[in-house]
1. Using only alpha carbons, build the gyration tensor for the stretch 209-286 and give me the equivalent ellipsoid semi-axes, biggest first, whole Å.
2. What's the percent breakdown of Cα-Cα distances in the stretch 12-75 across 5 Å bins, shortest bin first?
3. Roll a 1.4 angstrom probe over the protein heavy atoms and tell me the percent of accessible area of the stretch 80-180 that is carbon or sulfur.
4. Most fluctuating residue of Glu332, Glu312, Glu52 in a GNM of the chain with Cα springs under 10 Å: which is it?
5. Using only the Cα atoms of the stretch 60-211, what are the Rg and Dmax in Å?
6. Charges at C-beta only: +1 for Lys and Arg, -1 for Asp and Glu. How large is the resulting dipole of the chain about its Cα centre, in Debye rounded to 20?
7. With all protein chains present, calculate the accessible area of Ile135 using a 1.4 Å probe and round the result to the nearest 10 Å².
8. In the stretch 189-319, what percent of the accessible surface is made up of carbon and sulfur (1.4 Å probe, ligands and nucleic acids excluded)?
Amino acid sequence: MSNNQTVGTIDKFDDYQGHQIDKLTLSNANNVSISVITLGSTLYELNVPDKEGGVRNLVLNFEHSQDYFENPFYICMGIGRVGGRIADGQLVVDGKQTQLPQNEGTTTLHGGPDGFNTQIWQGEIGKQDGNDVIIMHHLQKSEDDGFPGDMDATITYSLSDDNVVSMNFSAKSSEDTVFNPTQHTYFNLGKTSDIMSHQLKLNAIQALKLDDKKIPTKDRIDVEGTPYDFRKSKSLGDAINAMSNTKEKGFDDVFAVHPDAHNIIAELKDPDTNCSVAIESSRSGMILFTANSFTKDHMNFVRTNGVGHPHEGVAMEPMILPKPGQEKDFSEMTIKKDQSVSYAIKYHLSF
Ligand code: FUC
């Protein structure tokens, strides 16, 4: 076996509602490892070596499967068929309207009540270019989540020897339907219980103006001169504090992003540990959620020994930029019957 190989293993994680949940792990030669659990295709750990000779997990996680459903925050879960919000659960594909199940008042959020994150995926270790990869597969049935078509969905996770984590979301459906998946990873790159001292850069000059149900309107916010301006790397904590007079008290916003020549849309850095992640995606949007409403209870994160803190992590969720809610235009995320479509999200780590 060459030194550069990424090696995969499968272990039992726990039992959830009578089903065994497995944890699949990839490790590379640099002592970096990622693991994904079959419940919700959830990114469970992203470990990098630290200066003290140990490893540090850069993403939020819980000890047990059950914990993931004790709060409404989709901690590091796989999200689909559609990330973000569908107004009134009214989906239109090929001019035909489907009433979807709703899970946030009248809204369908992150794939609805039976989205990808609630499913137990079939996990296996496969091979790609001589390296092990994690392959999560699930047949998302129309009768289960209410979207048109039975969707064969696969999320492939890989880890390169230059410390790039790749997630490839692919799908094929028995009917025309919609597909705009993401991974709801919450990063905390530091050693403290919040991300206030992190620095963030976003390749975005506009964010969408949202209505009181957080549904995109047709109006845009020009970031210039506002707390939304992350065009140059700046303190995320200062930007969150500048939002303290808003209802959200931080960011829960949809940015229109412009991938650079390398498809990088965002860069997050913890100046204290010098650890950073650059996010690669070719899609046009990203939700930035700074975990403003995290509470102490029902959020027993491993890193903070059983309690939660506001701003404990930050989620950056690449996706196709949603159209204004009232337009009911889902054409950019529509996929044709039997057509295979895939989207990649990559995390370029340095530490
Ligand atoms: C983001 C937000 C939502 C929600 C979820 C957990 O996508 O837009 O408001 O809280 O994360």
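1. After diagonalising the Cα gyration tensor, the semi-axes are 22, 18, 10 Å.
2. Values per bin, smallest distances first: 4, 17, 25, 22, 16, 10, 5, 1, 0.
3. After summing per-atom areas, the C and S share lands at 41 percent.
4. Taking springs between Cα atoms under 10 Å, the residue moving most is Glu52.
5. 17.3, 50
6. Charge dipole, the chain, about its Cα centre: 640 debye, nearest 20.
7. 40 Å²
8. With neighbouring chains kept in place, the figure for the stretch 189-319 is 49 percent.
The values are calculated or read from the model by the stated rules, or taken from the named source; none is laboratory data. The structure displayed is predicted, hence computed values, not measured ones. Ideal geometry is used to build each Cβ from the backbone, glycine not excepted, and the neighbour counts take in all protein chains shown. Keep in mind that these areas ignore ligands, DNA and RNA; they rest on the heavy atoms of the full protein, side chains included. Shrake-Rupley method; radii C 1.70, N 1.55, O 1.52, S 1.80 Å.
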